[in-house]
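What follows is a set of notes on a single structure, which appears directly below.
Every number here is computed from the coordinates shown, using simple stated rules; none is lab data. The model shown is predicted, which means the values in this text are computed figures rather than measured ones. Cβ sites come from the backbone with ideal geometry, for glycine too, and all protein chains shown count toward neighbours.
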Amino acid sequence: MKVLERAQVRRGILFVTILSAAALAGCASVPGETCAGVDWYALGVEDGSNGRALDYVASQDNQCVADAGEADLEAYQAGRLAGLAEYCTMESGLELARTGARYAGVCPVEIEGDFLTGFRLGRHIHRVEVEMANNRGKAEELEQALDSTDLANVERQEMRTMLELLEQDYDGLEVRMERLAWEAGMME
């Protein structure tokens, strides 16, 4: 059995284990309630397209999940894979990382490469955006301090020098951001 197949089998076993645990934990909560109306495929698509981990459905207070005997695990997993195909794209990786969020490792190995390419670029963009915001904050603090009349000429000159350095750094960050934005545009 190939490494990829073993990983998928392990994930499947993990999912069944988690779902079974949820079933045991929730069996007594609503006796007699059925899950005949649950569209397990659609639930899987929703979870997959939102990049949710396999254990997400089991973590919800959902009586239908608790009634594992009525859960259609095959339909859920098929739907989740379809949803992951929508989620695990370069564009999704880019957008997720730009928000500063972490990647939960949910993409199947076969399609994870594109997602990770976008994610790495998005992470770089996020870091530059954070650096730019920090730079602007420090510059604003210095500008406010320069407005103070209680400064000696030496202190005022040091602050002006620091402000000039921050402006130069900011200019460099803008150049980096333009390059990253160009790279992101090339991905589309």
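The condition of being in contact with a His (Cβ under 8 Å, 6 or more places away or on another chain) and more than 30 Å from Met159 (Cα to Cα) holds for only one of Arg120, Arg102, Arg98, that being Arg98.
Just need a number here: residues in segment 148-180 that are of a type in the set (A, V, I, L, M, F, W, C), exposed (fewer than 12 other Cβ atoms within 10 Å of the Cβ) and assigned to a loop (DSSP other than H, G, I, E, B). Qualifying residue count for the region: 1. Kindly indicate whether any position in segment 123-141 is in a loop (DSSP other than H, G, I, E, B) and in contact with a helix residue (DSSP H, G or I) (Cβ under 8 Å, 6 or more places away or on another chain). Within segment 123-141, none of the residues are in a loop (DSSP other than H, G, I, E, B) and in contact with a helix residue (DSSP H, G or I) (Cβ under 8 Å, 6 or more places away or on another chain). Within the option set Ala97, Ala145, Ala184, being small (Gly, Ala, Ser) and under 30 Å from Trp40 (Cα atoms) holds for one residue only, Ala97.
Restricting Gly113, Gly100, Gly93, Gly118 to residues that are closer than 28 Å to Leu54 by Cα, without any contact (Cβ under 8 Å) to a residue 40 or more places away in the chain, of a type in the set (Gly, Ala, Ser) and surrounded by 16 or more Cβ atoms within 10 Å (Cβ to Cβ) narrows the list to Gly93.
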